[in-house]
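Chemist: Structure below; questions to follow.
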Amino acid sequence: MNWKKAIIITLDIVIGVYLVLAVTAFNKPEERSSVCNEVRISIEKTDPQGFLNEEDIRQILVSSHLMPLGKPMDKISVRQIEEKLSGNNLIESAQCYKTQSGHVCISLRQRVPVVRVMADNDDDYYVDNHGESMTPTGYSCDVIVATGSITRSYAKKRLFAVANVIQADQFWKNQVVQLNILTDGSVELIPRVGEHIAYLGQPTDISHKLQRLQKFYLYGLSQAGWNKYSRISVEFDNQIICKRTK
């Protein structure tokens, strides 16, 4: 009985050691995936595009000592990378994950600027599509410029909505060069084609006003000439008031 018991115990030990070694061997990652061998950065495309590119993201990670390239995978904190990037003024959201092949993948969505404010009070900043201000020092973006009497409150509550409507319409996106805000908060539009100023009045019902103005462009100015009028007002419903060029 002791002999049989010894054999059973020995077999149990052998099987146990085998299982431990087998599990360890099968779960051990490949040598090349034990450290980060590639950082993949994906920035969601928007229109207009944001301020940052892949190289900018890499520089942010390097300067904050979070660049994962060459580091052991188990020492890389995806949470720290996400928090660092999401805390950037120009980034809306960031997601990061690791793969078994030694890659660290980063997906970003930037904040989308829709208008640049260059106000009479010397304020110079961008406003995104949610109405939040952005001050991207050292960066520039090709968006509509808004000048005149613009407070931060006006930009947040009204101006960004006007810019969003223009940005969403391909015709007006190509046609509008500048917006000018008068002291009473009303809006002037400076077009790319023609030497006139289009007056929209208060920034309400902008889509409807631009539709009427576009029809006047197509059926009026195309016949009369783009430089016949110096000012075109679509402030009021059911009428378009034009001032002839002297």
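Chemist: First obtain the Kirkwood hydrodynamic radius of the chain from its Cα pairs, then insert it into the Stokes-Einstein equation at 37 °C and 0.692 mPa s, and state the resulting D in µm² per second as a whole number. Walk me through the numbers on the way to the answer.
Modeler: Numbers: Rh = 22.6 Å.
For these conditions, the coefficient is 145 µm²/s.
Chemist: Still on this structure: At Arg40 and Asn227, where each label point lies 7 Å from the Cα along Cα→Cβ, what is the point-to-point distance in nanometres?
Modeler: 5.5 nm
Chemist: For segment 183-236, report the convex hull volume of the alpha-carbon atoms normalised per residue, in Å³, without decimals. Don't skip to the answer; put the middle values down first.
Modeler: Working: hull volume 4.2 nm³, N = 54.
Per-residue hull volume (Cα only) is 77 Å³.
Chemist: Which whole number in µm²/s is D for segment 136-243 by Stokes-Einstein, with the Kirkwood Rh taken over Cα pairs at 4 °C and 1.567 mPa s?
Modeler: On the way: Rh = 14.4 Å.
D, rounded to a whole number, is 90 µm²/s.
Chemist: Using R₀ = 41 Å, calculate the FRET efficiency as 1/(1 + (r/R₀)^6) where r is the Cβ-Cβ separation of Asp56 and Val193; round to 0.05. Show your work: numbers first, answer last.
Modeler: Details: r = 35 Å, r/R0 = 0.85.
That pair, Asp56 with Val193, gives E of 0.70.
Chemist: Placing +1 on the Cβ of each Lys and Arg and -1 on the Cβ of each Asp and Glu in segment 47-206, which of Ser149, Ile166, His196 has its Cα farthest towards the positive end of the resulting dipole?
Modeler: Ile166
Chemist: Could you state the number of Å between the C-alpha centres of segment 117-194 and segment 202-246?
Modeler: 20 Å
Chemist: Further question on the same structure: Over the chain, what is the percentage of antiparallel beta bridges among all DSSP beta bridges, to the nearest 5?
Modeler: 60 percent
Chemist: Turning to a different aspect of this structure: Rounded to the nearest 20 Debye, what is the dipole magnitude of the chain about its Cα centre when Lys and Arg each give +1 and Asp and Glu each give -1 at the C-beta? It would help to have the intermediate numbers written out before the result.
Modeler: Values: 29 positive and 27 negative charges, 83 e Å.
So the dipole magnitude of the chain works out to roughly 400 debye.
Chemist: Pairs Lys71/Lys98; Lys156/Lys215; Lys157/Lys243; Lys215/Lys243: which are spaced more than 21 Å apart, C-alpha to C-alpha? Kindly include the intermediate steps, with their values, before the conclusion.
Modeler: Details: Lys71/Lys98 12 Å; Lys156/Lys215 30 Å; Lys157/Lys243 31 Å; Lys215/Lys243 18 Å.
Pairs exceeding the cut-off: Lys156/Lys215; Lys157/Lys243.
Chemist: Over segment 60-146, what number does the Rg to Rh ratio reach, with both radii from the alpha-carbon atoms and Rh per Kirkwood? Mind showing how you got there, number by number?
Modeler: Numbers: Rg = 16.7 Å, Rh = 14.9 Å.
Over the Cα atoms of segment 60-146, Rg/Rh equals 1.12.
Chemist: In deg cm²/dmol and to the nearest 500, what is the mean residue ellipticity at 222 nm of the chain if only DSSP H runs of at least 4 residues count, each as -39500 (n - 2.57), divided by the residue total?
Modeler: On the way: 6 runs with 71 residues, N = 246.
The helix contribution divided over the chain gives -9000 deg cm²/dmol.
Chemist: List, largest first, the extents of the alpha carbons of segment 92-141 along their principal axes, each in whole Å.
Modeler: Sorted from largest, the Cα extents of segment 92-141 read 55, 22, 12 Å.
Just so you know, all these numbers are worked out from the coordinates, no wet-lab data involved. Predicted, not measured: the structure shown is a model, and the values here were computed from it. We place every Cβ from the backbone using ideal geometry, glycine too, and count neighbours over all the protein chains shown.
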